[in-house]
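**Student:** Dumping the structure here so I can ask a few things about it.
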Amino acid sequence: MATYWIDKSTRAIVQGITGKVGQAQTHWMLEAGTPLVAGVTPGRGGQVIEGLPVFNSVDEAVQKEGANASAIFVPASAAREAVLEAIESRLQLIVVITEHIPMRDTMELKARARSAGVTVIGPNCPGLFVPGVGKLGIMPASIFCQGTPQGVGVVGRSATLSYEVIANLTEAGLGQTAAVGIGGDPVVCTEFVEVLKRFEADPMTKGVVLVGEIGGSAEERATSFIVTMHKPVVSLIAGQALPPGRRFGHAGAIIRAGGGGAGQKIKALREAGVTIADSPSQIPALMKQYMVIS
Amino acid sequence: MSFRHPWCKAAEEEFLIISEDLAKRLLAPYGLLLPPGQVAETPAAATAIADEIGGSSFVVKALIPTGGRGKAGGVRVCRSVEAVAEASQSLIGHDLLGCLVARVLVEKAMPVAREIYAGIITNLATGKLDMVLSFEGGVDIEANAKSEGHKIWQLQVEPGDVLPLYRVIRWLRQAKIENINLDSLARVLVALYRAANDLDAMLLEINPLAVLTDGSLAILDCKLEVDDNGLPRQPELAEIYHQSLSPREARALDLGVSFVPLEGDIGVMTSGAGLGMCTLDLLKQQGLHPANFLDTGGGISKTLVQGALELIMEPPQIRGAIINLYGGINRMLEAANGIVAALQKIPGRRPLVVKILGNQQEEAWAMLEKLPNVHVIRVVQTEAAVSRLAELVG
């Protein structure tokens, strides 16, 4: 199994390849060397986009091209259908770039993926980038440092803030082993922990950057695994200066146990041994201070 | 208006609060017992509604989008039509918990034997739905839940599940409920679950769910919060939501940007919520006060950038602004053209610091560097842009 879900033997498809964004991003994914084999848009089978055959269904892409992974660029209203189709066609990895998917749908997809044993990353995420392999998603290749076998793993909720962090690392001469955007929605299908486990297990990854932000408790949930990690973790939490949100009323607040503020996240991360950066540009220096290159 | 506007796209508190009258109207098709009632905007209208309802016992409720209303005096039990007039008079046009009361809901008072709490709650930590029940309902549910000996019953439901009645009944049997018809309660809970699913509800709380003297169950109060991503398939809510927006918020929505006005005097435009929040943090670290949060989202075009820049520069107190964009595949020349077009319309010489990275960045920088009062930052670090702005606005 690939260290970061995809490798050169992956056979990935693009669902929504005929859309404006899907088509443009397919071009850039191919440019980054990604092993793409086909596109899928129901009703548009037979076309060729960016040199890739377009099929009407994921099943067809599996039968004819041996597809086993997908990047999804369909509109929010079609996303539930597209992801369910990919799950039922038994793809191993599904990366959902689409934003504005209703939470109800995301929760259902998360439950279905879990019971099918399929990894779904996202939604509302930039996807993943693995230098030397390619990308499923929209992260710009230009910010990455290519060709360094050892490096830093980056995982974040926000796309563009993660880009700024990666660009800072690259500028400071720190390469990356992989970057994964888990998505900005309150419920995401793959959590921090599942990505952190892969960084911890990969001998080429020497340190980890966790890009978090206010809202929810994803960062706090990650700490139970972080305390067991042997690699340095540096984190940036965006939204520290923002005014506090309205509290959740009544039982909602009780069940969800409140929270979501930056202070509480930073405290939990520090207690788990994480170094907190106040700005993206501090991250490379902090990382160099703690990481051990062999 | 019935909605509180989301203040920040990426935060947990982004859900839309539906006012009680509308929430009850939305629940009506699910076969639930709701007190007869209507909304009034004047004491005279409230009196007329009470006359129409008939009887001698009414409840007048201030329609404000916040909790704690009962304790703050926003719910009045009235024993006559005259009392309805008085209660409406003292509520309409007055402030309650920081909200102006524009409307009241006048309802028939129901003969309550007992009050319980029922909720369908989206649990963001587990990604599942929690059906929650407490037999000590009423205004003090929060305090009760924290104290010893007050059991909160919770049933976890898998998202997408069709919740069958038997499972709810089996769950309720464990709770050893006395003096409530278990079957009726289960039917109410299943109806609430279906409504929550259909309405894209993040939270549907019935507090109190009243057991009436004849044993039937009535929805006395109702709190509904809806996922704004669900609005495209909730046309009625979407329309009301659009009507509730301020002109600036409506413009932002039309542009397709996420916009939140704040208190300060520095305009901000960023691509991406996380980068936006981080930019606000860095401004604060430099002693600057942002006047807004604005996330362009992924699709950067000339029209979008022009409209967004006009929007953030509009308040007269704005002393300067920062534009912080990561284009990805978007052509940054488009963004530069949008800035040029907006600056032709924006009066004054307030400094604008621009950091844009992405496809065609060099061409964009060259175009923008020719403009007066525009300061292009060619490095990766947002701090550099923020420091520059701090120098320029003093």
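Computed from the coordinates by the stated procedures, all read-outs in this text should not be read as laboratory data. The structure presented is a predicted model; accordingly, all values stated were derived computationally and were not measured. Please note: Cβ atoms are built from the backbone with ideal geometry, for glycine as well, and neighbour counts cover all protein chains shown.
**Student:** Run the quick spin-label model on A:A285 and A:K8: label points 7 Å from Cα toward the beta carbon, then report their separation in nm to one decimal.
**Tutor:** 4.0 nm
**Student:** Work out, step by step, the length gained on full extension between B:R233 and B:Q317: first 0.36 nm times the residue separation, then minus their alpha carbon distance; give nm to one decimal.
**Tutor:** Here the segment from B:R233 to B:Q317 would lengthen by 26.3 nm.
**Student:** How many partner chain Cβ atoms sit within 10 Å of a residue's Cβ in peptide B:116-129, on average, as a whole number?
**Tutor:** What the average comes to for B:116-129 is 5.
**Student:** What does the structure give for A:181-189 when I average, per residue, the other chain Cβ atoms found within 10 Å of the residue Cβ?
**Tutor:** 4
**Student:** Tell me the label-point distance for the pair B:L212, A:Q264, using the 7 Å Cα-to-Cβ offset, in nm and rounded to one decimal.
**Tutor:** 4.0 nm
**Student:** Continuing with the same structure: Among bridges DSSP assigns within the protein assembly as shown, what percent are antiparallel (round to 5)?
**Tutor:** 50 percent
**Student:** Which of A:A79, A:A172, A:A67 moves the most in a Gaussian network model of chain A with Cα springs under 10 Å?
**Tutor:** Of the options given, A:A172 has the highest mean-square fluctuation.
**Student:** In addition: For the Cα atoms of chain A, what angle does the longest principal axis make with the long axis of helix A:159-171, in degrees from 0 to 90, nearest 10?
**Tutor:** On a 0 to 90 degree scale, this one is about 70.
**Student:** Can I ask one more? Which residues' amide hydrogens lie under 5 Å from the amide hydrogen of A:A38, considering only partners 5 or more residues apart or on another chain, with H built in the peptide plane?
**Tutor:** Answer set, sorted by chain and number: A:V14.
**Student:** Next up: For B:R194 and B:S246, calculate 0.36 nm times their separation in residues minus their Cα-Cα distance, and state this gained length in nm to one decimal.
**Tutor:** Gain on stretching B:R194 to B:S246: 15.5 nm.
**Student:** Mind running the shape call on segment B:267-329? Use the C-alpha gyration tensor, a ≥ b ≥ c as the square roots of the eigenvalues: rounded below 1.5 for a/c, prolate if a/b tops b/c, oblate otherwise.
**Tutor:** Cα axes put segment B:267-329 in the oblate bin.
**Student:** Ranked highest first by average number of other Cβ atoms within 10 Å, how do B:296-306, B:32-42, A:6-16 line up?
**Tutor:** Ranking the peptides B:296-306, B:32-42, A:6-16 by packing returns A:6-16, B:296-306, B:32-42.
**Student:** Over chain B, what is the relative contact order in whole percent, taking alpha-carbon pairs under 8 Å and six or more residues apart?
**Tutor:** 13 percent
**Student:** Scan segment B:73-117 for trypsin sites (Lys or Arg not before Pro) in coil per DSSP, keeping those whose Cβ has at most 15 other Cβ atoms within 10 Å, and list them by number.
**Tutor:** In loop regions of segment B:73-117 (DSSP not H, G, I, E or B), the sparsely surrounded trypsin sites (Lys or Arg not before Pro) are B:R79.
**Student:** Counting only DSSP beta bridges with both residues in chain A, tell me the antiparallel percent, nearest 5.
**Tutor:** Given both bridge residues lie in chain A, the antiparallel proportion sits at roughly 20 percent.
**Student:** Here's something else I'd like to know. Rounded, prolate or oblate for segment A:1-137? Axes are the square roots of the Cα gyration tensor eigenvalues, ordered a ≥ b ≥ c, and the cut-off for rounded is a/c under 1.5.
**Tutor:** Since a/c stays below 1.5, the shape of segment A:1-137 is classed as rounded.
**Student:** Here's another thing I want to ask about it. Which pairs in the list A:K135/A:K231; B:K71/B:K151; A:K20/B:K345 are over 27 Å apart, alpha-carbon to alpha-carbon?
**Tutor:** Distance filter (> 27 Å) returns A:K20/B:K345.
**Student:** I'd like the GluC sites (Glu not before Pro) in segment B:251-356 restricted to DSSP loop residues with at most 15 other Cβ atoms within 10 Å, sorted by number.
**Tutor:** Taking segment B:251-356 and a limit of 15 other Cβ atoms within 10 Å, the loop GluC sites (Glu not before Pro) found are B:E263.
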